[in-house]
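Let me begin by presenting the structure, written as structure tokens, before commenting on it.
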Amino acid sequence: MSKILIAFSTGPDSVYLYHYLKRENNELGLCYVNHNLRNDVDKDIEFVKEFSDREKVPYYIMDLNLEKFNENSAREKRYEALEKCRIENGYTYIATGHNMNDNVETVIFRLLRGTGLDGLKGIPKKRGHIIRPILGISKEEILEYLKVNNISYRIDYTNLTNDYSRNIIRNKMMPIMKEINEGYLDNISRFITLLNEDNEVKRYIKKTLDEKNIKYSKNKIDEIYDIRDKNGAIISLDKEYIWYKSYNFYGIKKRETKKSFRYILKLNEDINVNGYSIYFSNFSDKKNQLEKMGYKIYNILNVDLLEIRNRKDGDYIDNIKLKKLFIDKKIDKYTRDLLPLVLANDEIILVADIRHSKKISGIATKDQNYIAIKKGE
Ligand SMILES: Nc1ncnc2c1ncn2[C@@H]1O[C@H](COP(=O)(O)OP(=O)(O)OP(=O)(O)O)[C@@H](O)[C@H]1O
């Protein structure tokens, strides 16, 4: 439960916002800012008083004299007045009634005027003490709710806006977009949400790097951002740290000290190395099972011992230098040392699950020795 001051203009959005927040058991108050710009302010104030009486919530009227200001400064002064009211009366947040239509209109307006990606984030859900709880609700839903529940409100300010471009977007462009696609509002709004999520991930990355005092470039943030869905992915940060993504972790880890390894695998043995499981077998039933579990299977003839080790300088697979392969496949230096290589008769036949030598076949036939490999936690 929070103590929330509603920026209450008496229009449908504010009235809906009140009912919306009431459902969540918040402690509410109403603040009407009197701009003295409209003739029927008295009726607004009467509405606020009646509403507050009926709902048993406190109200506050903040007077402004804005005759000499333009619309922009009216908005600024309104936010100042709301903030003053919030502090004086001990509220935690100010909630405004911006809705999904306002958000989409804002983004379209910015697109037409020219904007960067940041501008397409739309109206922020939260900024300082200001929250906008009904940003995800369309005007249509709001009006429908008020109608069905027989809830009264005053004239919609937003339709009286004297902002010329806004009016064209709202009254001309939006209806045409709706003709093209009924779901246009949801679709654009979803796009805005996606952009905001992206921003949140990037903010998290930046904050985490800053906390560790790590020097980084903007590219690094993009690189880290790109692996956000790739379990097992690693980005090298510096000598000491890596950024690591696994099923339940996405953040900074200390590098494990480089340990070289070497194992011998006999037929029908298996092994786990640095997150890879490897089977060397000739059981065909098991082969089907492993295949279903996502293992890559390779046939191998005339071998009954395999060697599993990490890379060494000058390693080759077929005629390709491992180093070149790693660069081509964009495998960072940290990961390169952890990858298990599989060797038969001193020749590399598998580089983890990344590449197999021409000498072994990716098609496993019956009753043959095979290697099964899979990366997994
Ligand atoms: N006179 C007022 N008193 C209190 N709150 C108001 C008043 N007018 C507007 N608000 C608040 O601001 C919200 C947005 O209203 P409106 O779209 O008219 O304002 P705006 O800030 O000029 O909008 P935008 O930033 O989208 O151009 C309303 O839902 C309401 O919460």
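The values are calculated or read from the model by the stated rules, or taken from the named source; none is laboratory data. Since the model is a prediction, treat every value here as computed from it, not as a measurement. All Cβ positions, even for glycine, are placed from backbone atoms using ideal geometry, and neighbour counts span all protein chains on display.
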| note | Those strands (runs of 3 or more DSSP E) completely within region 193-282 that have 3 or more residues that are closer than 30 Å to V107 by Cα are none
| query | Which of the residues belonging to region 297-319 are of a type in the set (A, V, I, L, M, F, W, C) and either surrounded by 17 or more Cβ atoms within 10 Å (Cβ to Cβ) or without any contact (Cβ under 8 Å) to a residue 12 or more places away in the chain (or both)? | reply | I297, I300, L306, I308, I317
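Please verify whether R86 is within 11 Å of the ligand (Cβ to nearest atom) and closer than 16 Å to F8 by Cα, treating the condition exactly as stated. Step through it out loud before you land on a result.
Values: within 11 Å of the ligand (Cβ to nearest atom): no; closer than 16 Å to F8 by Cα: yes.
Considered against the rule, which asks whether it is within 11 Å of the ligand (Cβ to nearest atom) and closer than 16 Å to F8 by Cα, R86 comes out as no.
Within region 90-102, is there a residue that is outside any helix (DSSP H, G or I), in contact (Cβ under 8 Å) with a residue 60 or more places away in the chain, surrounded by fewer than 16 Cβ atoms within 10 Å (Cβ to Cβ) and away from the ligand (no atom under 14 Å from the Cβ)?
As a first pass, look at region 90-102 and keep what is outside any helix (DSSP H, G or I): 90-99.
Now drop any that are not in contact (Cβ under 8 Å) with a residue 60 or more places away in the chain, which leaves 90-99.
This time we only want the ones that are surrounded by fewer than 16 Cβ atoms within 10 Å (Cβ to Cβ), so: 90, 92.
Applying the additional criterion that residues be away from the ligand (no atom under 14 Å from the Cβ) yields 90, 92.
Yes, region 90-102 has at least one match.
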| task | Kindly indicate whether any position in region 107-121 is part of a helix (DSSP H, G or I) and within 25 Å of I4 (Cβ to Cβ). | result | yes
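So is L185 over 25 Å from A74 (Cα atoms) and within 16 Å of the ligand (Cβ to nearest atom) or not?
On the way: over 25 Å from A74 (Cα atoms): yes; within 16 Å of the ligand (Cβ to nearest atom): yes.
For L185, the condition - over 25 Å from A74 (Cα atoms) and within 16 Å of the ligand (Cβ to nearest atom) - is met.
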| task | Return the residue satisfying two criteria in turn: it lies in region 15-58 and is within 10 Å of the ligand (Cβ to nearest atom) and among the β-branched types (V, I, T), and of such residues it is farthest from T96 (Cα to Cα). | result | V41
| remark: Out of (1) surrounded by fewer than 10 Cβ atoms within 10 Å (Cβ to Cβ); (2) at pLDDT below 90, the one I234 does not meet is (1)
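Out of the residues in region 1-14 meeting the condition of being over 15 Å from Y60 (Cα atoms) and buried (at least 18 other Cβ atoms within 10 Å of the Cβ), tell me which one is farthest from the ligand (Cβ to nearest atom).
Filtering region 1-14 for residues that are over 15 Å from Y60 (Cα atoms) and buried (at least 18 other Cβ atoms within 10 Å of the Cβ), the one farthest from the ligand (Cβ to nearest atom) comes out as P12.
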| task | Residues being in a helix (DSSP H, G or I), crowded, with 20+ Cβ neighbours inside 10 Å and touching a Phe, Trp or Tyr at 6+ places or on another chain (Cβ under 6 Å): count how many of those fall in region 17-53. | result | 1
